[in-house]
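Trainee: Sharing a structure below in structure tokens format, with a few things to ask.
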């Protein structure tokens, strides 16, 4: 990449960081806990999120923003779990940024929400540098993908807080080596907590729900709401 | 994206196009047929390519370049099929460009090759704008990914010549809807030829070998070698 491109990109990233910081304060003040999801295309983000929203919505007020280059297919799928869903279409841009998130929130009262999820564009590279003001970033890796993805895309794993291995129901058919995948994750991000889930069978989903609920309780004590 | 970033990026793309054109002429003169592969991470590019190289190597001289942000895992895997393999590690860059290809070819005699394959970084966005001087671009989509990927990432399908649906052995377990996937492909790229393969069982692999062999014969008649 040439030097000028790098310079311009750094300016864009700095602007994004400032806006993300403002968003984070806004989320904190409103008492909404914000989780973003990143992964390669086809790792099962939307199915995972649909099932997660359905479970969380029993006792919480939940909403989701979902990014894609084109189509509002994912928003339509998530709308089965909650009425508060908006699609962000990015055109040719391979990631969400803080400005897109701010625009998409227009008209929503954040005080009316307990959880907000932001599903990023399916991409293991571009989203890693863009802070969206989220409290927690989940990186998803499917059992059908290949155990060495964390080694090949270290930055996205390094900038995420938690790893979720999806499609565990297909692990056997895909000859997925769980131990190797866990080793790959630990070698790029030592100590990273990993959940194994299947949105299809429900395996591991309750653990994720409990985890996020407890995280929210610590980050957003009831007293400040 | 801001205007200045777009301008700088256009300059970079123009430089790339000029170099790609020079590469294409070089490939033509040497009689080597060049195929690139793009797809999301984990769609099975490397396994597909390993099996393809193995089959083609029976009667042809084959070589491969393989791009990743980090690791040379893929080159090590492809080296089981041909000794002519080089890894290109891109660092934080989400695609190959013509300059990286030219650098990686240094020291190889293209006249000694019949087929050269270039496996791009796993990404459904960034690689689409970068011409690598290839004759043919294959876009891979796995049966475990989701049938609407072409609708969500139209540019990468529009800039490819042929679509390959991989991991067909897992189609049933993944509840993959082949007709829907074909409709998605046709709606963004009407008339696009589609192959269905399983590198694991071998299904469809001979058809791809025959197709590429025949393409090479038309594009590189023996007389010019």
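Trainee: Kindly indicate which of A:42, A:31 is touching a residue at least 60 places away in the same chain (Cβ under 8 Å), within 13 Å of chain B (Cβ to nearest Cβ), crowded, with 17+ Cβ neighbours inside 10 Å and in contact with a helix residue (DSSP H, G or I) (Cβ under 9 Å, 6 or more places away or on another chain).
Mentor: Result: A:42 is the single residue among A:42, A:31 that is touching a residue at least 60 places away in the same chain (Cβ under 8 Å), within 13 Å of chain B (Cβ to nearest Cβ), crowded, with 17+ Cβ neighbours inside 10 Å and in contact with a helix residue (DSSP H, G or I) (Cβ under 9 Å, 6 or more places away or on another chain).
For (1) more than 24 Å from residue A:54 (Cβ to Cβ); (2) part of a helix (DSSP H, G or I); (3) in contact (Cβ under 8 Å) with a residue 60 or more places away in the chain, each residue gets a yes or a no:
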{"residue": "A:121", "(1), (2), (3)": "no, no, no"}
{"residue": "A:127", "(1), (2), (3)": "yes, yes, yes"}
{"residue": "A:131", "(1), (2), (3)": "yes, no, yes"}
{"residue": "A:137", "(1), (2), (3)": "no, no, yes"}
{"residue": "A:144", "(1), (2), (3)": "no, no, no"}
{"residue": "A:157", "(1), (2), (3)": "yes, yes, no"}
{"residue": "A:163", "(1), (2), (3)": "no, no, no"}
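Trainee: I've got another one for you. For segment B:201-225, which residues satisfy the criterion of being surrounded by 12 or more Cβ atoms within 10 Å (Cβ to Cβ) and modelled with pLDDT of 95 or more?
Mentor: B:202, B:203, B:204, B:205, B:207, B:208, B:209, B:211, B:212, B:213, B:215, B:216, listed by residue number.
Trainee: For residue B:64, state whether it is over 22 Å from residue B:204 (Cα atoms) and touching a helix residue (DSSP H, G or I) at 6+ places or on another chain (Cβ under 9 Å).
Mentor: Here the answer is no, as residue B:64 does not meet what is asked.
Trainee: Additional query: How many residues, within segment A:143-152, are buried (at least 24 other Cβ atoms within 10 Å of the Cβ) and either more than 11 Å from chain B (Cβ to nearest Cβ) or at pLDDT 95 or above (or both)?
Mentor: 4
Trainee: Examine segment B:172-182 for a residue that is in contact with a helix residue (DSSP H, G or I) (Cβ under 9 Å, 6 or more places away or on another chain), more than 22 Å from residue B:47 (Cα to Cα) and within 12 Å of chain A (Cβ to nearest Cβ), and state whether such a residue exists.
Mentor: No, segment B:172-182 contains no residue that is in contact with a helix residue (DSSP H, G or I) (Cβ under 9 Å, 6 or more places away or on another chain), more than 22 Å from residue B:47 (Cα to Cα) and within 12 Å of chain A (Cβ to nearest Cβ).
Trainee: A follow-up question, please. Just to verify a result, which residue in segment A:103-119, among those that are part of a helix (DSSP H, G or I) and out of contact with any helix residue (DSSP H, G or I) (no Cβ under 6 Å at 6 or more places or on another chain), is farthest from the other protein chains (Cβ to nearest Cβ)?
Mentor: For segment A:103-119, the residue satisfying everything is A:112.
Trainee: Going through A:65, A:53, A:49 one at a time, which residue ends up being surrounded by fewer than 24 Cβ atoms within 10 Å (Cβ to Cβ), modelled with pLDDT of 95 or more and more than 10 Å from chain B (Cβ to nearest Cβ)?
Mentor: When all the criteria are applied, what remains is A:53.
Trainee: For residue A:162, which of the numbered conditions (1) at negative phi; (2) crowded, with 22+ Cβ neighbours inside 10 Å fails to hold?
Mentor: Here residue A:162 meets the rest and fails (2).
Trainee: Still on this structure, I have one more. Of A:96, A:53, A:65, A:49, which residue is within 23 Å of residue A:139 (Cβ to Cβ), assigned to a strand (DSSP E or B) and touching a strand residue (DSSP E or B) at 6+ places or on another chain (Cβ under 7 Å)?
Mentor: So the residue among A:96, A:53, A:65, A:49 that is within 23 Å of residue A:139 (Cβ to Cβ), assigned to a strand (DSSP E or B) and touching a strand residue (DSSP E or B) at 6+ places or on another chain (Cβ under 7 Å) is A:65.
Trainee: Next question. With respect to the numbered conditions (1) buried (at least 21 other Cβ atoms within 10 Å of the Cβ); (2) closer than 18 Å to residue B:21 by Cβ; (3) within 14 Å of chain A (Cβ to nearest Cβ), which one is the sole condition not fulfilled by residue B:134?
Mentor: (3)
Trainee: Which of the residues belonging to segment A:98-119 are in contact (Cβ under 8 Å) with a residue 60 or more places away in the chain and closer than 20 Å to residue A:49 by Cα?
Mentor: Those that are in contact (Cβ under 8 Å) with a residue 60 or more places away in the chain and closer than 20 Å to residue A:49 by Cα: A:101, A:110, A:113, A:114, A:115, A:116, A:117, A:118, A:119.
Trainee: If you go through segment B:86-99 one residue at a time, do you hit one that is away from every other protein chain (no Cβ under 13 Å) and either at pLDDT 95 or above or closer than 20 Å to residue A:92 by Cβ (or both)?
Mentor: Yes, because at least one residue in segment B:86-99 is away from every other protein chain (no Cβ under 13 Å) and either at pLDDT 95 or above or closer than 20 Å to residue A:92 by Cβ (or both).
The values are calculated or read from the model by the stated rules, or taken from the named source; none is laboratory data. These numbers come from a predicted model, not from an experiment. Virtual Cβ from ideal backbone geometry, glycine too; neighbours counted across all protein chains shown.
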